[in-house]
1. If only one of 315, 265, 323 is in contact (Cβ under 8 Å) with a residue 24 or more places away in the chain and assigned to a helix (DSSP H, G or I), which one is it?
2. Would you check if there is a residue in the stretch 137-147 being over 25 Å from residue 265 (Cα atoms), surrounded by fewer than 16 Cβ atoms within 10 Å (Cβ to Cβ), in contact with a Gly (Cβ under 8 Å, 6 or more places away or on another chain) and in contact (Cβ under 8 Å) with a residue 24 or more places away in the chain?
3. Looking at this structure, is residue 229 crowded, with 20+ Cβ neighbours inside 10 Å, over 20 Å from residue 324 (Cα atoms) and among the polar types (S, T, N, Q)?
4. So in the stretch 312-321, with the set limited to residues that are of a type outside the set (Gly, Ala, Ser) and surrounded by fewer than 17 Cβ atoms within 10 Å (Cβ to Cβ), which one is farthest from residue 207 (Cα to Cα)?
5. Only residues that are exposed (fewer than 15 other Cβ atoms within 10 Å of the Cβ) and within 17 Å of residue 237 (Cβ to Cβ): list them for the stretch 249-262, please.
6. Just to be sure I understand, how many residues within the stretch 64-120 are farther than 20 Å from residue 396 by Cα, without any contact (Cβ under 8 Å) to a residue 12 or more places away in the chain and not acidic (Asp, Glu)?
7. Any residue that is within 19 Å of residue 289 (Cβ to Cβ) and of a type in the set (Val, Ile, Thr) - is there at least one of those in the stretch 350-363?
8. Restricting the search to the stretch 330-382, which residues are surrounded by 22 or more Cβ atoms within 10 Å (Cβ to Cβ) and in a helix (DSSP H, G or I)?
Amino acid sequence: MSERSGFWRLLTVNTGSSSLKAAIYGVEGGSLRLETRAVVERIGSSGSLLEVSGREGERAWRVEGALTDHTAAVRALLEYLRGCGMDRNLGAIGHRIVHGGRFREPRVITEELVASLRERALPLDPDHLPQALGAVEELGRVYPGVPQVACFDTAFHRTLPRVARLYALPRHLAGQGVLRYGFHGLSYEYVVERLRTLDPGAYEGRTIIAHLGSGASMAAVRGGRCLETTMGLTPTSGLVMATRSGDLDPGVLLYLLRRGMDVAGLDTLVNKESGLLGVSGTSADVRELLAREPHDPRAAEALELFCYQARKFIGALATTLGGLDALVFTGGIGEHAAPLRERICEGLRFMGVRLDTARNASHSAVISADDSPVTVRVVPTDEDLVIARHTRRIVEEEGA
């Protein structure tokens, strides 16, 4: 199908375990123009917060109150959008779906797709998929004639070599889908496309992208293809994160099970009580931990562990690329936490990583020194825009 004629709007929805992000884009011809963004935080608590901002980032609306679940959050968001007419001419809705299971490309959401996700992917991602499907259901009820598109966070990693996908488990488990999938794919896709324009050498070369935020992962890419990543079957694995443990000896889990902890307790432990929060005992927020670090040894140790593991994984990923030409930081921590970028890079001089302290402190686009063999960049990510691009393309191609 050719491009739709006239002006229409597109809504993107990104559900987290206790958050929801959304954006409205105006679409005309081949252009996508951001009109508004919204963020709902602390869903499920009495202190839920909904903030809406304009295209330049200026605050347009802010309200606090109890939002019991993601359906309530979607309804609160739609109340605002409808009240100011931002849902007029709504022509499509795009969703970030964290775990795509066997699905490797964006696609229109149908009853069959939802059924397949519930059967195959839900057991792999019980912490994100129910919220995403709940948002799909609520938006389908409110806008029954508007096509919805699923954009899978695992799709970017479809180029992983088979050896990088496998666990050393009995072969029949791989046949049942127990494989390494990788996540944060929409973020990686955006950064890779930016590199194609900003630094073609980094795009074609041996590049590690560090998506560091509440969830944290890294990917080794070359020529736009992912060759290795730190997350596996679920988003719990890999790096230390805000509240997730990252990689664990499986024996730790067996030990805790034998000590009487049940599966639900383990899930809560490794996904909501561990990581920076667990080690510091006080906070999962890097900004708070940096403020506490001078007088709180536990906060200092949590940050030290985060940077230590980041360096370790960068070293491991470089071996899969046969060296390193570029290191790119993105995500909330990667884009804004200059002290952590510096500490991570301090231990990588042997690989040719040399930081320019002033550039790093000012969050420059390139933060490596002029004589650094490895280029170090900061590239702000934009998952919403990637969702919007895929959604527009799918509905125009398929005539949805």
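1. One residue alone meets the criteria, 315.
2. no
3. On the way: crowded, with 20+ Cβ neighbours inside 10 Å: yes; over 20 Å from residue 324 (Cα atoms): no; among the polar types (S, T, N, Q): yes.
Criteria not met by residue 229.
4. Selected residue: 312.
5. 249, 250, 251, 252, 254
6. 5
7. no
8. 331, 333, 334, 341, 344, 345
The values are calculated or read from the model by the stated rules, or taken from the named source; none is laboratory data. Source: prediction; values computed, not measured. FYI the Cβ positions are ideal-geometry reconstructions off the backbone, even for glycines, and counts take in every protein chain you see.
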